[in-house]
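*Asks:* Structure provided below as structure tokens; questions to follow.
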Amino acid sequence: MPTNRQVLLRSRPQGIPRAEHFELAETPLPPLQPGQFRIRNRFLSVDPAMRGWVSAVANYSKPVGIGEVMRAEAAGEVCETRHPEFAIGDRVTGYFGWQHYAVSDGTNVGWRVPPDFDLPLSAALGVLGMNGLTAYFGLLDVGQPKAGDTVVVSTAAGAVGSCVGQLARIAGCRAVGIAGGAHKAALCRDEFGFDAAIDYKGATDLDAALRDACPRGIDVYFDNTAGAISDAVAPQLNVGARVAVCGTASVSSWDPWPQGPRVERHLLVKRARMQGFLIFDYQPRFDEARRRLADWVRRGLIRYREDFLDGIDAAPDAIAGLYRGENLGKRLIRLDPY
Ligand code: NAP
């Protein structure tokens with residue numbers, strides 16, 4: 001009987017969680033109760049949002065408790081079952097945590113991967129998982145792009161951002177990405193087909209770089225960072241612009257609450273709309289989005305990159321690595337050869 005390897009939250013970080021805030025544990029596999037099944041995880045997701053999940057500061061979900069398995073999405077297959085609707089070999093994604101094996105009664109399953117799914121299982125966590133769905137609804141529903149619009153997105157070489165840029169192109173827009181480093185900016189242009197990309201770390205004058213990349217101003221801003229990047233975008237919004245507030249990757253801590261320029265004047269003068277969104281609210285429409293995203297991926301209209309770290313021992317430092325900007329595309333922990 002194999003044992004489980006798990007990553008537990010050891011202490012609560014102030015700001016970005018680092019390796020020392022987690023510990024690895026080896027535990028026996030508990031026997032299954034009627035109505036339960038066991039999942040062998042193959043891929044564990046690493047997400048910027050995990051910073052919020054381990055923070056005691058009020059968030060949209062209950063903080064992970066000290067000593068608990070780190071909350072995470074994962075993809076794997078059913079390896080043991082006492083549940084009438086889940087058979088051995090079924091592939092599933094869900095909140096199964098940073099561990100090799102998870103027990104479920106079905107309520108934390110996010111997606112039952114269809115048997116005829118012809119894309120890699122890892123894609124079920126990225127471009128066809130939370131990241132692709134976030135790009136889809138954040139851009140198309142909140143950003144409401146029209147053909148000819150200029151769409152700007154931050155963290156453009158990342159899992160969500162790279163998909164946003166390609167969806168903007170599919171919608172007939174000019175796509176402009178903002179990413180950290182010349183290599184990431186080049187990737188946005190050459191691999192993801194952005195019309196222009198700005199390296200915000202290398203740019204000496206971000207305002208001027210944005211003006212050059214967006215000669216007709218900015219109609220949609222997909223905001224993944226807040227902070228200095230978003231401060232530079234606000235004055236260049238067009239009349240009627242839409243700002244989709246998706247993430248705040250540049251803010252390392254909300255305690256104390258950071259201060260910044262006031263955006264209201266720009267919104268008022270430009271009659272612009274700024275709207276936050278959480279992907280969970282779109283759950284009833286996930287199947288529709290997955291179908292369309294998968295079709296675009298198969299036709300080569302959406303490309304994606306995955307950033308694999310091998311083995312669960314890599315998990316504790318993996319969130320801090322995201323905030324260091326190490327990842328190209330969707331960061332995943334790959335368990336065992338798969
Ligand atoms: P990702 O973009 O693949 O990775 C995070 C990226 O954040 C890093 O690669 C880094 O890119 C950037 N970053 C880190 N620190 C930064 C800083 N100080 N300033 C600017 N950029 C910084 O991650 P993802 O999973 O696709 O998520 C992207 C955003 O979407 C995150 O803000 C996340 O919280 C948000 N999100 C929101 C929802 C929702 O429901 N609203 C759902 C999923 C994700 P660079 O090297 O380019 O700096």
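The values are calculated or read from the model by the stated rules, or taken from the named source; none is laboratory data. Since we're looking at a predicted model, the values are computed, not measured. Note that we place each Cβ from the backbone using ideal geometry, even for glycine, and neighbour counts take in every protein chain shown.
*Asks:* Among the listed residues Asp223, Asp190, identify the single one that is closer than 17 Å to Leu140 by Cβ and of a type in the set (Asp, Glu).
*Replies:* Only one candidate passes the filter, namely Asp223.
*Asks:* If you don't mind, there's one more thing I want to ask. Identify, please: which residue in segment 51-93 is outside any loop (DSSP other than H, G, I, E, B) and buried (at least 21 other Cβ atoms within 10 Å of the Cβ) and is, among those, nearest to the ligand (Cβ to nearest atom)?
*Replies:* Start the filter on segment 51-93 by keeping residues that are outside any loop (DSSP other than H, G, I, E, B), which leaves 51-53, 69, 74-81, 91-93.
From the residues that got through so far, the ones that are buried (at least 21 other Cβ atoms within 10 Å of the Cβ) too are 51, 74-76, 92-93.
Working: Arg51: 8, Ala74: 15, Ala75: 15, Gly76: 20, Val92: 20, Thr93: 14 Å.
Checking each candidate, the answer is Arg51.
*Asks:* Would you confirm whether or not segment 214-232 contains a residue that is part of a loop (DSSP other than H, G, I, E, B), more than 22 Å from Leu278 (Cα to Cα) and within 12 Å of the ligand (Cβ to nearest atom)?
*Replies:* No, segment 214-232 contains no residue that is part of a loop (DSSP other than H, G, I, E, B), more than 22 Å from Leu278 (Cα to Cα) and within 12 Å of the ligand (Cβ to nearest atom).
*Asks:* Checking the structure you have, find out if any residue of segment 19-27 is assigned to a strand (DSSP E or B), buried (at least 16 other Cβ atoms within 10 Å of the Cβ) and either basic (Lys, Arg) or at pLDDT below 95 (or both).
*Replies:* no
*Asks:* Then there is this: Need the failing condition index for Arg291 against (1) of a type outside the set (A, V, I, L, M); (2) within 16 Å of the ligand (Cβ to nearest atom); (3) surrounded by fewer than 18 Cβ atoms within 10 Å (Cβ to Cβ); (4) part of a helix (DSSP H, G or I), just the number.
*Replies:* In the conditions (1) of a type outside the set (A, V, I, L, M); (2) within 16 Å of the ligand (Cβ to nearest atom); (3) surrounded by fewer than 18 Cβ atoms within 10 Å (Cβ to Cβ); (4) part of a helix (DSSP H, G or I), Arg291 misses (2) alone.
One line per residue, one yes/no per condition, for (1) within 30 Å of Leu29 (Cβ to Cβ); (2) free of Cβ contacts under 8 Å to residues at least 12 places away in the same chain; (3) surrounded by 23 or more Cβ atoms within 10 Å (Cβ to Cβ):
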position: Tyr101; (1), (2), (3): yes, no, no
position: Trp111; (1), (2), (3): yes, no, no
position: Pro114; (1), (2), (3): yes, yes, no
position: Phe117; (1), (2), (3): yes, no, no
position: Phe137; (1), (2), (3): no, no, no
position: Thr150; (1), (2), (3): no, no, yes
position: Thr155; (1), (2), (3): no, no, yes
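*Asks:* Residue by residue through segment 234-260, note down the ones that are more than 16 Å from the ligand (Cβ to nearest atom) and among the small types (Gly, Ala, Ser).
*Replies:* Within segment 234-260, Gly240, Ala241 qualify.
*Asks:* Search segment 261-286 for residues being closer than 16 Å to Gly247 by Cα and either part of a helix (DSSP H, G or I) or modelled with pLDDT under 95 (or both), and hand back the single one that is nearest to the ligand (Cβ to nearest atom).
*Replies:* Filtering first and then ranking leaves Ile279.
*Asks:* Also, quick follow-up: Taking Pro316 as the residue in question, decide whether it is touching a strand residue (DSSP E or B) at 6+ places or on another chain (Cβ under 6 Å) and either under 21 Å from Ala157 (Cα atoms) or in a loop (DSSP other than H, G, I, E, B) (or both).
*Replies:* yes
*Asks:* In addition: Test Gly97 against the stated conditions and say whether it is in a loop (DSSP other than H, G, I, E, B), surrounded by 15 or more Cβ atoms within 10 Å (Cβ to Cβ) and away from the ligand (no atom under 16 Å from the Cβ). Step through it out loud before you land on a result.
*Replies:* Values: in a loop (DSSP other than H, G, I, E, B): yes; surrounded by 15 or more Cβ atoms within 10 Å (Cβ to Cβ): yes; away from the ligand (no atom under 16 Å from the Cβ): yes.
In short, yes.
*Asks:* While we're here: Would you tally the residues in segment 291-338 being under 15 Å from the mean Cα position of the chain (by Cα) and among the basic types (Lys, Arg)?
*Replies:* 3
*Asks:* Looking only at segment 294-313, count how many residues are part of a strand (DSSP E or B) and in contact with a helix residue (DSSP H, G or I) (Cβ under 9 Å, 6 or more places away or on another chain).
*Replies:* 4
Residue-wise test of (1) without any contact (Cβ under 8 Å) to a residue 12 or more places away in the chain; (2) touching a Cys at 6+ places or on another chain (Cβ under 8 Å); (3) closer than 18 Å to Gly65 by Cα.
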site: Thr3; (1), (2), (3): no, no, no
site: Gln6; (1), (2), (3): no, no, yes
site: Pro13; (1), (2), (3): no, no, yes
site: Ile16; (1), (2), (3): no, no, yes
site: Pro30; (1), (2), (3): no, no, no
site: Arg38; (1), (2), (3): no, yes, no
